[in-house]
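**Q** Sending over a structure as structure tokens; questions will come in a sec.
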Amino acid sequence: MSETRAVLAHHFESLEQQNEAAAIGMWAFLVQEVMFFGGLFTTYLVYRVLHPGAFAEGSAHLPVALGTANTAVLIGSSLTMALGVRAAQLGRGRQCALFLAATIVLAFAFLGVKGVEYAEKWEHGLIPGVRWSPEAGADARLNLFFALYFVMTGCHALHMLVGIVLMAIVAGRAWGGRYSRANFLGVECLGLYWHFVDLVWIFLFPLLYLLHGHRGGHS
Amino acid sequence: MSAPHAGERPSYLGGEYGLRSWLLTLDHKRIGLLYLMGVSAFFLVGGAFAVLIRLELLTPSGDLFQSETYNKLFTLHGIFMIFFFLLPSIPAVLGNFLLPLMIGARDLAFPRINLLSWYIYMVGGLFTTYAMLAGGVDTGWTFYTPYSSTYANSHVIAAALGIFISGFSSILTGVNFIATIHKLRAPGLTWFRLPLFVWAHYATSLIMVLGTPVIAITILLVAVERLFHVGIFDPALGGDPVLFQHLFWFYSHPAVYIMILPAMGVISEVIACFSRKRVFGYKIVAFSSLAIAVLGFLVWGHHMFVSGQSVYAGVVFSLLSFLVAIPSAVKVFNWTATLYRGSISFEAPMLYALGFIGLFTIGGLTGIFLATLAVDVHVHDTYFVVAHFHFVMVGGAVMAYLGGLHFWWPKMFGRLYPEMLARVTAVIVFVGFNLTFLPQFVLGYLGMPRRYHVYPDEFQVLNVLSTAGASILGLGFLMSAAYLPWSLRFGKKAGRNPFGAAGLEWTTASPPMAHNFESVPEVQGEAYEREHVEEELHV
Amino acid sequence: MSESGHVLPLRVYFAVFTALLAGTALTTWVATHDLGPWNDLVALSIAGTKATLVILYFMHVRYASRLIWIFSLAGFLWLMLFFVLILADYQTRVPVPGWAG
């Protein structure tokens, strides 16, 4: 099997310094991601406060069972990712690659379910600006809820797609023996990114799907 | 600290030649120069629009341009100057070049991301340039809804996309600087031994990372609204246009601190050098940078006093805006105390720095006027505001940029700029600036609205004075744009430390070799300690 | 962080995973009951707890340096500032007679 070798960049004095710098860099990047989605959450907050009826009604259109299942899928992908990072920490490149492959599968499952949900919204004419024909008597501000639904889950899905691409690359490298006990930083950073994607959904799910959910789950 | 020999190793300018060696460089110094090319080009574009604006305003009637065209002029002036010149200038040119040198490192933490930042910046600039060439955008640089999202017929999305893209350049630069300052300091270089330029850039990087993503999402929402009419900012569909303003200013106010904090960092370095003293109250100045960064996020509502925002929120924002002035004022006091009993000389960088102190103070004080709710009701959207922000942005940030460019020019290129000519130019810039913008305070207070090209006859005298000032200011800029490149070929060769300044960057060759230091230096003294500074007398 | 020294035992990951799934089931179940204004609070508390578990254990912040702790908190803190100040506007607007709300 190919040797693992630690690659120390010329401007660092030690691998430890290089790893710590990368960790700080990755976390700083995640902070800006928090603020990026934060702008959307702020918009959500304002319109939820201004139009609570529209948001409750919009939420009632979202399939709670499917959303809950999808949340479980994403959490599962976080587990497989965490296990993949752990495998890299232990120098087990192939095991790491397999866990990443599992994560990719789960990620595609999540996106598949979202695709089904989006298709259903298309059928019912609930995509503002694209195909908008809510039933008569619907709250006049329903478009705000769905605009936010699509922009927020859409941005989230885009981040997932980027994550999938990165996972494929890192999995390939892990399989090829690129990482070792001393040098698994790439996997760790990818893990941080993926867990962040999970974090966004942890908040998106209740805020979009579970508003005043005492009405039964709708499909 | 041992002084490396400039002899054997080629400088970062030599060694590798050809376009590819520049376009694929990972050397932070070359990347700084790539940014210098970019920001200079965009400054020219923004400046050209300023010329057209001032020409139009020579007469009270709108005789040079139609209103729609005039709207495009001030919009593009603002967009190019703010997003493609002011925001990147000091951090991406001077910060990139100097940070590793100042902390004894061989490069930034992430050199490839540094290069990527530059490409992202240039691509963003290209998008906005395309928007300009395709017919421009007329919403004002502030893109207020619902005009930008629903009614404008100009190239809003293309222009905004350019800003969206270049925002990521800013974010990545911030990430790079944060990691670098935390992890690549030389042994012995503790936080409180860092030059204040580094503290300033650290604070700036925090703002870049925390604020820029919000304008990214805001632009995205405007684009979605424009393309799909979903109602996010359209009152007819239930949206609130003021929400756009909240989202926009949450970034754009801290953005002005991205523009001024690095400038303040430059001033600290220049004042210390040309007073031959350490900066008075070092820790206070360092903490003030952080305080400005934090408090700067809490004041955005002062742009919205008359927008329909709740008056109670307005009161809160007004109070917070008074608070944010305090750390800036503290810095001015500390610089003044540094000057006191210093051994002062008036090289060109120092002239710019002294000009900064005066002009930034005026700009900052007029900011307090604007932060006062009741006064702002009267002067909001008048030339008073225009004068205020040009005082801090041009009298402040641009002067600091020019001062810094001159100060570190010999380090960057190994050549001295022509000193006498530079001093004359600095004075021309100062005089031209004041003549351009002081009349605008009066105009604004008397009621001339901003963004109008038609005005009452009685305002013409002041407008003519302003345009006259602008031509003098423009002359000053053109002069530097001429003699600085001239000096690359014909300027006197510079030694390692022509100004006798303290700081690790001055221990390297001029220009430095590619890897900055022969061996990683060890720092034992405090910042601005002059014992080991080798004075190189030059005429 | 990235001290390859600190490898968490498998059981920690599975415990967190189980807790996350339980939290998800719980939040969905609570949402089917009408608790009035408490629905939101419960939902966000559960989400916050789940997020904390992910950050501390999956993202290894529990074993990371203080700097990383600060970074992981900074973003959320900044968002809170944004929320509070923006609500300071929306929650204190006085309706103008004659205009729709």
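The values are calculated or read from the model by the stated rules, or taken from the named source; none is laboratory data. If you're wondering where the values come from, they're calculated on a predicted model, not measured in any experiment. Counting neighbours? That spans all protein chains shown, and the Cβs are built from the backbone with ideal geometry, glycine included.
**Q** Based on this model, can you work out whether B:Ala216 counts as surrounded by fewer than 24 Cβ atoms within 10 Å (Cβ to Cβ), aliphatic (A, V, I, L, M) and touching an Asp or Glu at 6+ places or on another chain (Cβ under 9 Å)?
**A** On the way: surrounded by fewer than 24 Cβ atoms within 10 Å (Cβ to Cβ): yes; aliphatic (A, V, I, L, M): yes; touching an Asp or Glu at 6+ places or on another chain (Cβ under 9 Å): no.
Criteria not met by B:Ala216.
**Q** Looking only at the range A:42-82, count how many residues are under 15 Å from the mean Cα position of the chain (by Cα) and facing chain C (nearest Cβ under 9 Å).
**A** Number satisfying all stated conditions: 10.
**Q** Now for a different question. Identify, please: which residue in the range B:304-317 is free of Cβ contacts under 8 Å to residues at least 60 places away in the same chain and buried (at least 22 other Cβ atoms within 10 Å of the Cβ) and is, among those, nearest to the other protein chains (Cβ to nearest Cβ)?
**A** B:Ala313
**Q** Residue check, B:Arg112 against (1) under 23 Å from the mean Cα position of the chain (by Cα); (2) more than 25 Å from B:Pro449 (Cβ to Cβ); (3) assigned to a helix (DSSP H, G or I), all met but one. Which one?
**A** Here B:Arg112 meets the rest and fails (1).
**Q** Quick one: is B:Tyr417 outside any helix (DSSP H, G or I), crowded, with 23+ Cβ neighbours inside 10 Å and either touching a Lys or Arg at 6+ places or on another chain (Cβ under 8 Å) or at pLDDT 95 or above (or both)?
**A** It is true that B:Tyr417 is outside any helix (DSSP H, G or I), crowded, with 23+ Cβ neighbours inside 10 Å and either touching a Lys or Arg at 6+ places or on another chain (Cβ under 8 Å) or at pLDDT 95 or above (or both).
**Q** Quick check: anything in the range A:130-150 surrounded by 19 or more Cβ atoms within 10 Å (Cβ to Cβ), away from chain B (no Cβ under 14 Å) and either under 14 Å from the mean Cα position of the chain (by Cα) or closer than 14 Å to A:Glu57 by Cα (or both)?
**A** No, that holds for no residue.
**Q** Here are some residues: C:Thr32, C:Thr27. Which one is over 30 Å from B:Val315 (Cβ atoms), buried (at least 21 other Cβ atoms within 10 Å of the Cβ) and at the interface with chain A (Cβ under 7 Å from one of its Cβ atoms)?
**A** C:Thr27
**Q** Tell me which residues, restricted to the range A:88-100, are crowded, with 20+ Cβ neighbours inside 10 Å, more than 8 Å from every other protein chain (Cβ to nearest Cβ) and touching a residue at least 60 places away in the same chain (Cβ under 8 Å). Reasoning before the result, please.
**A** To start, the set of residues in the range A:88-100 that are crowded, with 20+ Cβ neighbours inside 10 Å comprises A:88-89, A:93, A:96-97, A:99-100.
Add one more test, that the residue is more than 8 Å from every other protein chain (Cβ to nearest Cβ), and what stays is A:88, A:93, A:96-97, A:99-100.
The answer is A:Ala88, A:Gly93, A:Cys96, A:Ala97, A:Leu100.
Residue-by-condition table, conditions (1) at pLDDT 95 or above; (2) in a helix (DSSP H, G or I); (3) more than 12 Å from chain A (Cβ to nearest Cβ):
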residue	(1), (2), (3)
B:Leu116	yes, yes, yes
B:Gly124	yes, yes, yes
B:Phe127	yes, yes, yes
B:Val137	yes, no, yes
B:Thr145	no, no, yes
B:Thr173	yes, yes, no
B:Ile181	yes, yes, no
B:Leu189	yes, no, yes
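**Q** Considering only residues of the range B:205-219 that are more than 7 Å from chain A (Cβ to nearest Cβ) and of a type in the set (A, V, I, L, M), which is nearest to B:Asn114 (Cα to Cα)?
**A** It comes out as B:Met208.
**Q** Take the residues in the range C:4-14 that are closer than 23 Å to A:Trp201 by Cβ and surrounded by 14 or more Cβ atoms within 10 Å (Cβ to Cβ), then tell me which one is farthest from the other protein chains (Cβ to nearest Cβ). First the steps, then the outcome.
**A** From the range C:4-14, those closer than 23 Å to A:Trp201 by Cβ are C:8, C:12-14; that's our starting set.
Cutting the leftovers down to surrounded by 14 or more Cβ atoms within 10 Å (Cβ to Cβ) gives us C:8, C:12-13.
Values: C:Leu8: 7, C:Val12: 9, C:Tyr13: 5 Å.
The extreme case among them is C:Val12.
**Q** Next question. Of all the residues that make up the range C:35-59, how many are β-branched (Val, Ile, Thr) and either part of a loop (DSSP other than H, G, I, E, B) or more than 8 Å from chain A (Cβ to nearest Cβ) (or both)?
**A** Summing the residues that are β-branched (Val, Ile, Thr) and either part of a loop (DSSP other than H, G, I, E, B) or more than 8 Å from chain A (Cβ to nearest Cβ) (or both) in the range C:35-59 gives 3.
**Q** Could we say that A:Asn183 is away from chain B (no Cβ under 14 Å), polar (S, T, N, Q), more than 20 Å from the chain's Cα centre (by Cα) and surrounded by 15 or more Cβ atoms within 10 Å (Cβ to Cβ) here? So that I can check it myself, show each step before the final result.
**A** Values: away from chain B (no Cβ under 14 Å): yes; polar (S, T, N, Q): yes; more than 20 Å from the chain's Cα centre (by Cα): yes; surrounded by 15 or more Cβ atoms within 10 Å (Cβ to Cβ): yes.
Judged against the criteria, A:Asn183 is a match.
**Q** Looking only at residues that are surrounded by fewer than 16 Cβ atoms within 10 Å (Cβ to Cβ) and in contact (Cβ under 8 Å) with a residue 60 or more places away in the chain in the range B:428-450, which one is nearest to B:Leu57 (Cα to Cα)?
**A** Result: B:Pro449.
**Q** On to the next question. Do we have any residue at all in the range A:29-48 that's touching a residue at least 12 places away in the same chain (Cβ under 8 Å) and touching a strand residue (DSSP E or B) at 6+ places or on another chain (Cβ under 9 Å)?
**A** No - not one qualifying residue is present in the range A:29-48.
**Q** Quick check on the range B:220-230: of everything there that is more than 7 Å from chain A (Cβ to nearest Cβ) and surrounded by fewer than 24 Cβ atoms within 10 Å (Cβ to Cβ), which residue is nearest to the chain's Cα centre (by Cα)?
**A** So the residue we want is B:Leu220.
**Q** Checking B:Arg496 against (1) in a loop (DSSP other than H, G, I, E, B); (2) without any contact (Cβ under 8 Å) to a residue 40 or more places away in the chain, only one condition comes out false. Which one?
**A** (2) is the only condition that B:Arg496 fails.
**Q** On to the next question. Scan the range B:343-362 and give yes if some residue there is surrounded by fewer than 20 Cβ atoms within 10 Å (Cβ to Cβ) and over 30 Å from B:Ser480 (Cβ atoms), otherwise no.
**A** The answer is no, given that none of the residues of the range B:343-362 is surrounded by fewer than 20 Cβ atoms within 10 Å (Cβ to Cβ) and over 30 Å from B:Ser480 (Cβ atoms).
**Q** Filter the range B:247-297 for residues that are under 13 Å from B:Thr336 (Cα atoms) and of a type in the set (Lys, Arg); which is surrounded by the fewest Cβ atoms within 10 Å (Cβ to Cβ)?
**A** Ranking the qualifying residues of the range B:247-297, first place goes to B:Arg278.
**Q** Right, another one. Just one of (1) at the interface with chain A (Cβ under 8 Å from one of its Cβ atoms); (2) surrounded by 13 or more Cβ atoms within 10 Å (Cβ to Cβ) trips up C:Ala19, so point out which.
**A** Status for C:Ala19: all satisfied but (1).
**Q** What are the residue pairs meeting all of these: first residue in the range C:58-83, first residue under 23 Å from A:Ile75 (Cα atoms), second residue surrounded by fewer than 14 Cβ atoms within 10 Å (Cβ to Cβ), Cβ atoms under 8 Å, and 6 or more apart or on different chains?
**A** Listed pairs, sorted by first residue: C:His60/C:His6; C:Tyr63/C:His6.
**Q** Out of A:Glu20, A:Glu16, report the one residue that is in a helix (DSSP H, G or I), at the interface with chain C (Cβ under 10 Å from one of its Cβ atoms) and in contact with a Lys or Arg (Cβ under 8 Å, 6 or more places away or on another chain).
**A** Numbers: A:Glu16 fails: in contact with a Lys or Arg (Cβ under 8 Å, 6 or more places away or on another chain).
None of the other options fit; the residue is A:Glu20.
**Q** Of the residues that make up the range A:132-153, is at least one under 23 Å from A:Lys114 (Cα atoms), part of a helix (DSSP H, G or I) and touching a Ser or Thr at 6+ places or on another chain (Cβ under 6 Å)?
**A** Within the range A:132-153, not a single residue is under 23 Å from A:Lys114 (Cα atoms), part of a helix (DSSP H, G or I) and touching a Ser or Thr at 6+ places or on another chain (Cβ under 6 Å).
For every residue, the table says whether it meets (1) touching a Phe, Trp or Tyr at 6+ places or on another chain (Cβ under 8 Å); (2) surrounded by 24 or more Cβ atoms within 10 Å (Cβ to Cβ); (3) of a type in the set (Lys, Arg); (4) more than 16 Å from B:Arg30 (Cβ to Cβ).
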position: B:Gly78; (1), (2), (3), (4): yes, no, no, yes
position: B:Arg106; (1), (2), (3), (4): yes, no, yes, no
position: B:Val137; (1), (2), (3), (4): no, yes, no, yes
position: B:Tyr144; (1), (2), (3), (4): yes, no, no, yes
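**Q** Which one of these is in a helix (DSSP H, G or I) and within 27 Å of C:Leu21 (Cβ to Cβ): A:Ile164, A:Ile169?
**A** A:Ile164
**Q** Another question, if that's okay. Would you please list the contacts, defined by Cβ atoms under 6 Å and residues six or more apart or on different chains, that run from a residue in the range B:42-61 that is over 20 Å from B:Gly125 (Cβ atoms) to a residue that is of a type in the set (S, T, N, Q) and in a helix (DSSP H, G or I)?
**A** Filtered contacts from the range B:42-61: B:Arg54/B:Thr467; B:Leu57/B:Asn463; B:Leu58/B:Thr467; B:Pro60/B:Gln460.
**Q** Name the one entry in B:Gly447, B:Gly476 that is at pLDDT 95 or above and either touching a Lys or Arg at 6+ places or on another chain (Cβ under 6 Å) or closer than 23 Å to B:Val377 by Cα (or both).
**A** Sole residue among the options that is at pLDDT 95 or above and either touching a Lys or Arg at 6+ places or on another chain (Cβ under 6 Å) or closer than 23 Å to B:Val377 by Cα (or both): B:Gly447.
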